Number of protein chains: 2
Amino acid sequence: MKVININQKLNLFSEYWNPKVIGELNGQLVKLAKFKDEFVWHKHDNEDELFYVLEGKLKIEFRDKEVSLNQGEFIIVPKGVEHKPIAIEECSVMLFEPKDTVNTGNVKNKLTQQELDNI
Amino acid sequence: MKVININQKLNLFSEYWNPKVIGELNGQLVKLAKFKDEFVWHKHDNEDELFYVLEGKLKIEFRDKEVSLNQGEFIIVPKGVEHKPIAIEECSVMLFEPKDTVNTGNVKNKLTQQELDNI
C-alpha cells in the first residue's frame, strides 16, 4: 500500500500506445499511457473503458461522431462501441478498465500489447 | 457517452464527506468528494478503494502508519484495511470503487451516505 505520484510515473516511460500498469483494485487496472498520432479502430466486447486526459488533448472518433477531450476531462467508452483514439500532439492519459482488457480490443496487429509493464 | 470535465463537476457541490457519482463502468463508480477535518475509522470488507487527490492534501491514518497525499497522487486501500481520512484543509478527491461501496464501510453513523447523488 503505497502512494503513487502520477507525474513521477509519467516520467518513467516515453513510448506511445503502450499502457503501463500503476495500480490494481477490484479486478480493474489503473494504467498510464502516452498517445501520439492515430491508433486503430477497435472495440472491447466485454469491457467499458475510461480515458482521463492528464496532459495534452485527445480526440476519439466513433462511427457516428467524434469527441475532443482536454486536460482534466474523461470519457467512458462502453463495451462494444467502436472507437479510434487520435492525438494530434502527444497526450498523456490515465485508463481505468478490467484486468483482461487488451489495448486493441478485437483487433490484433503490431500495436497490440499483450503483456503490460508494471511501473 | 459524454465528456466529463472534473473541474466543472467539482464546482457543482460544496458539502464535505458526501461523494457524488460522475461515472460508472464495469460495476465500478467514479466519484468526486470534498473532505475537510476528520472522517471516521472504518473499513470496507469487500471493496478496494482508490483515493486520487485532485486539489489540496489528504492524510490517511492506518492502524500502523499514516500517509500524506498531495495533488496528483493516489493510494489504493485494500479491502479489510481500517483507515481514517483526514483533511487539515479542504481537499478534493476522485474515488474509484465498486458500485455497492458505502462511504463509512462497516460503520453506520451520521456521516453514512446510503444514497449518492449523480451529478
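Coordinate-derived values only; no laboratory data. None of the values given here were measured: they were computed from a predicted structure. Here the Cβ is made from the backbone with ideal geometry for all residues, glycine too, and neighbour counts use every protein chain on show.
Descriptive notes on the structure:
- Exposure proxy ranking, count of Cβ atoms within 10 Å, fewest first, for A:SER14, A:SER68: A:SER14, A:SER68
- Electrostatic tally near B:VAL93: other residues with Cβ closer than 9 Å to its Cβ, Lys and Arg +1, Asp and Glu -1, net +1.
- Distance between the 7 Å Cα→Cβ label points at A:LEU12 and A:ASP45: 3.3 nm.
- Cα-centred dipole magnitude for the protein assembly as shown, charges only on beta-carbon of K, R (+1) and D, E (-1), debye, nearest 20: 80
- Put a plus charge on the Cβ of each Lys and Arg, a minus charge on the Cβ of each Asp and Glu, and nothing anywhere else: the dipole of the stretch A:1-40 about its Cα centre is then about 180 debye.
- The H on the amide N of A:ASN18, modeled in the peptide plane, is under 5 Å from the matching H of A:LYS34, each at least 5 residues off or on a different chain.
- Applying 1/(1 + (r/R0)^6) with R0 = 22 Å to the Cβ-Cβ distance of A:VAL21 and B:ILE119 gives a FRET efficiency near 0.15.
- Partner chain coverage, peptide A:18-26 - average Cβ within 10 angstrom: 4
- Our helix-only sum for chain A, with -39,500 (n - 2.57) per DSSP H run of n ≥ 4 divided by its residues, gives a mean residue ellipticity at 222 nm of -1000 deg cm²/dmol.
- In sequence order, calculated HN-Hα J values of the stretch A:46-55 (Karplus, 6.51, -1.76, 1.60; Hz; x Gly/Pro): 10, 10, 6, 9, 9, 10, 10, 7, 8, 8
- Point-charge dipole on Cβ atoms (K/R +1, D/E -1) for chain B, about Cα centre, debye to 20: 140
- Between the amide H of A:LEU25 and those of A:VAL30, distances stay under 5 Å, these residues lying 5 or more places away or on another chain, with hydrogens modeled in the peptide plane.
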